[in-house]
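The values are calculated or read from the model by the stated rules, or taken from the named source; none is laboratory data. Owing to the predicted nature of the structure, the values given are computational and were not obtained by experimental measurement. Cβ coordinates were reconstructed from backbone atoms using ideal geometry, including for glycine residues, and neighbour counts include every protein chain displayed. Just the protein is used for accessible areas: all its heavy atoms, side chains included, with ligands, DNA and RNA removed. Shrake-Rupley method; radii C 1.70, N 1.55, O 1.52, S 1.80 Å.
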Amino acid sequence: MLRGVLHAWRYVVGREGREDVDPTHLEKAVDPDHAVVWIDATSPEDEEDLQSLKTELGLSPTVVDAILNPRERTKLMRYGDYFHVAVHDCACTGDTIDSREIDVVTGPGWLVTVRHPATDWSQVDLDEVARRFELQRAEHSTTEQGFLLWALFDVIVDRYFEVVDVVDDRLDEIEDVVFSAEPPSGIPQEIFTVRRDLSTLRRAAAPMREVVNAIIRKEIDFVDEPAIVHFHDVYDRVLRVGDLVEAQRDLLTGLLEANLAVTSNQLNQVMKKMTSWGAILIVATLIAGIYGMNFRHMPELDWEFGYPLALALMGLSTFVLWRWFRKKGWL
């Protein structure tokens, strides 16, 4: 069961590619001066699944508990000579955006990633993380574990941008609905769904700025200067994600206000029509009411043309008022 949960690889200085490592013998593989060991755990269920990490890497019960109960806000914590970083990945699951915690624990010469998957959840592509790390190894001729941490962060931020693009498409669809020839009578529910999704993305991306900034300030002492230069780029991109999210929130608010304005305008049109027809019919109703009072001394009652005249007056007043309201654009 352990081997099904944990996977470990070792990057040796001066040697291309990586080699598999037995997760139960990590202590022998760790060599901060000559290699970097990467351990990945997928959905650990209990402490037994992480027993190898506790034994071989000396993880404290506090860190193990944080890993097994992914409820941490994005932050960087130090425990002796190693660090725990809880970051949040975002992806689209069906018609909504969901967030999942990724726990990263790193010490001299080793790095652990713990992913917590869910149904229909698109996991971070570890092959892409490894590819970017390999590119930096080749470019800088070094196996600096800061580049591995950077590669992971870089892929996560890329996924933020993918989610932003999806939200853009959904905002375009909402805009088409709101400003269509026949707009909906109520508020489209998609507006509230997108607002909730933007809040999810914002809660995941915004705190990452502080984590990346802490790395830039060299709070993780075994992340060297070449990797820190790359983290500056990650920091700028995280700020860009935050700006895009805020812009989308403003656009969504504008669409909601536009929808309310359109709905209000529709109501005004209905009220104008009702008012027009009420004014048209009230004159005929007034004439009918007068001649329906049945007083004995009403000259028109005994007149041969009284009834046709009353009908003519009602028809003429109705037609004149209808033409007038139609010309005003109320009908």
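Go over the candidates ASP233, ASP224, ASP243, ASP197 one by one and state the one that is among the charged types (D, E, K, R) and surrounded by 17 or more Cβ atoms within 10 Å (Cβ to Cβ).
ASP197
From ALA151, ALA86, ALA66, grab the single residue that is open to solvent by less than 40 Å² (accessible area, probe 1.4 Å), touching a residue at least 12 places away in the same chain (Cβ under 8 Å), part of a helix (DSSP H, G or I) and closer than 28 Å to VAL166 by Cα.
Answer to the check: ALA151.
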Selected residue (criterion: farthest from TRP110 (Cα to Cα)) from residues of segment 234-256 that are without any contact (Cβ under 8 Å) to a residue 60 or more places away in the chain and over 19 Å from the mean Cα position of the chain (by Cα): ASP236
Any chance LYS75 is under 21 Å from VAL223 (Cβ atoms) and open to solvent by 10 Å² or more (accessible area, probe 1.4 Å): yes
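The rows are residues; the columns are (1) at pLDDT 85 or above; (2) more than 20 Å from ASP154 (Cα to Cα); (3) of a type outside the set (A, V, I, L, M, F, W, C); (4) touching a strand residue (DSSP E or B) at 6+ places or on another chain (Cβ under 7 Å).
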site	(1), (2), (3), (4)
ASP20	yes, yes, yes, yes
VAL30	yes, yes, no, yes
ASP40	yes, no, yes, yes
LEU53	no, yes, no, yes
LEU76	yes, no, no, yes
CYS90	yes, no, no, yes
ASP95	no, yes, yes, no
GLY107	yes, no, yes, yes
Look through ASN265, ASN259 and report the one residue that is part of a helix (DSSP H, G or I) and free of Cβ contacts under 8 Å to residues at least 12 places away in the same chain. ASN265
Which of (1) in a helix (DSSP H, G or I); (2) touching a Ser or Thr at 6+ places or on another chain (Cβ under 9 Å) is the odd one out, the single condition HIS7 does not satisfy? (1)
